[in-house]
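Structure, as structure tokens:
The values are calculated or read from the model by the stated rules, or taken from the named source; none is laboratory data. All values derive from a computational prediction rather than experimental measurement. Ideal geometry is used to build each Cβ from the backbone, glycine not excepted, and the neighbour counts take in all protein chains shown.
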Amino acid sequence: MPDSPAHAPMPGAEVLAEPMRSRWSPSIFDDAHRLEPAQVAALLEAARWAPSRGNMQPWRFLVAERGTPAHAVLVAHLRRGNSTWVPRASVVFLGAAQFAADEAGEGPDQPEYSFHDLGQAAAHLTLQARAMGLHAHQFAGFDRDAVAAELGYPSYVRLLTGIAVGVPGDPATATERDRSKEERVRDRRPVADFAFAGSWGTPWDGAPEGTG
């Protein structure tokens with residue numbers, strides 16, 4: 001399925017390098033597509049080499065490939081908005097962060113950084129997917145406690161999000177709601193809304209015209 005004009009980066013994004021420029025989050029995946037083990041390994045390798053405070057690498061990913069028992073557990077606990085498109089993806093990576101010491105007493109001394117580092121690992125995985133000709137859609141709409149309990153997550157790890165990865169599918173096979181998502185125009189708030197200078201709330205004024 002070719003990208004529609006709605007997926008093209010909006011003004012200001014022209015400066016982005018690939019694969020950031022062409023990254024977007026489809027809601028229609030090809031439910032017949034499968035990833036090779038080497039592809040899954042490459043995605044995990046990208047996460048492995050993400051920046052990490054003190055090289056703690058506090059992220060954990062449970063690989064839920066379509067058709068596996070772990071995938072079935074996730075699907076059973078998806079919220080309504082995600083229940084139609086997430087199951088179609090080739091694989092879902094369930095991202096968790098270690099926030100306390102494990103059985104051996106090992107763990108982060110400042111657990112708040114674990115969530116930051118998980119985000120970096122997820123971003124690396126997502127961009128690696130795009131570089132490999134795949135697409136990724138991150139989501140949080142599922143019963144995390146139920147999934148964690150059924151899949152045996154330990155108490156010192158917190159399940160946070162999922163990353164669905166695959167290739168775009170045929171819109172004719174998707175629900176109307178999911179098809180409508182595909183045509184949403186990609187947009188972001190202006191830089192001036194989140195980049196400050198001098199003091200909080202004072203917009204940084206170095207953004208090129210059209211981005212601030």
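Observations on the model:
- Flag for Gly95 being assigned by TED's automatic domain parsing to the domain that holds Ala149 and farther than 16 Å from Asp143 by Cα: no
- Test for Ala72: is it over 15 Å from Thr161 (Cβ atoms), aliphatic (A, V, I, L, M) and free of Cβ contacts under 8 Å to residues at least 24 places away in the same chain: yes
- Entry remark, the stretch 62-74: residues being surrounded by 19 or more Cβ atoms within 10 Å (Cβ to Cβ) and over 17 Å from Gly141 (Cα atoms) number 1 in total.
- Scanning the stretch 111-146 for residues that are in a helix (DSSP H, G or I), surrounded by fewer than 17 Cβ atoms within 10 Å (Cβ to Cβ), among the small types (Gly, Ala, Ser) and free of Cβ contacts under 8 Å to residues at least 60 places away in the same chain yields no hits at all.
- Within the stretch 80-136, the set of residues being in contact with a helix residue (DSSP H, G or I) (Cβ under 7 Å, 6 or more places away or on another chain) and of a type in the set (Ser, Thr, Tyr) comprises Thr84, Tyr113.
- Set Ala174, Ala149: member being farther than 30 Å from Ala100 by Cα and either in contact (Cβ under 8 Å) with a residue 12 or more places away in the chain or not assigned by TED's automatic domain parsing to the domain that holds Pro203 (or both): Ala174
- Of all residues in the stretch 89-139, exactly one satisfies the criterion of being among the β-branched types (Val, Ile, Thr) and within 15 Å of Arg48 (Cα to Cα), namely Thr126.
- Here His33 passes the criteria (1) in a loop (DSSP other than H, G, I, E, B); (2) within 17 Å of Thr161 (Cα to Cα); (3) not hydrophobic (A, V, I, L, M, F, W, C) except the one numbered (2).
- Residue, surrounded by the most Cβ atoms within 10 Å (Cβ to Cβ), within the stretch 1-18, restricted to residues that are closer than 22 Å to Arg189 by Cβ and at pLDDT 85 or above: Leu16
- Output for the stretch 23-51, where each listed residue is surrounded by 19 or more Cβ atoms within 10 Å (Cβ to Cβ) and of a type in the set (Ser, Thr, Tyr): Ser27
- Annotation for the stretch 186-200: no member residue is at negative phi, in contact with a helix residue (DSSP H, G or I) (Cβ under 7 Å, 6 or more places away or on another chain), modelled with pLDDT of 95 or more and surrounded by fewer than 18 Cβ atoms within 10 Å (Cβ to Cβ).
- Residues considered: Asp170, Asp178. Of these, the only one that is buried (at least 19 other Cβ atoms within 10 Å of the Cβ), of a type in the set (D, E, K, R) and under 28 Å from Val92 (Cα atoms) is Asp178.
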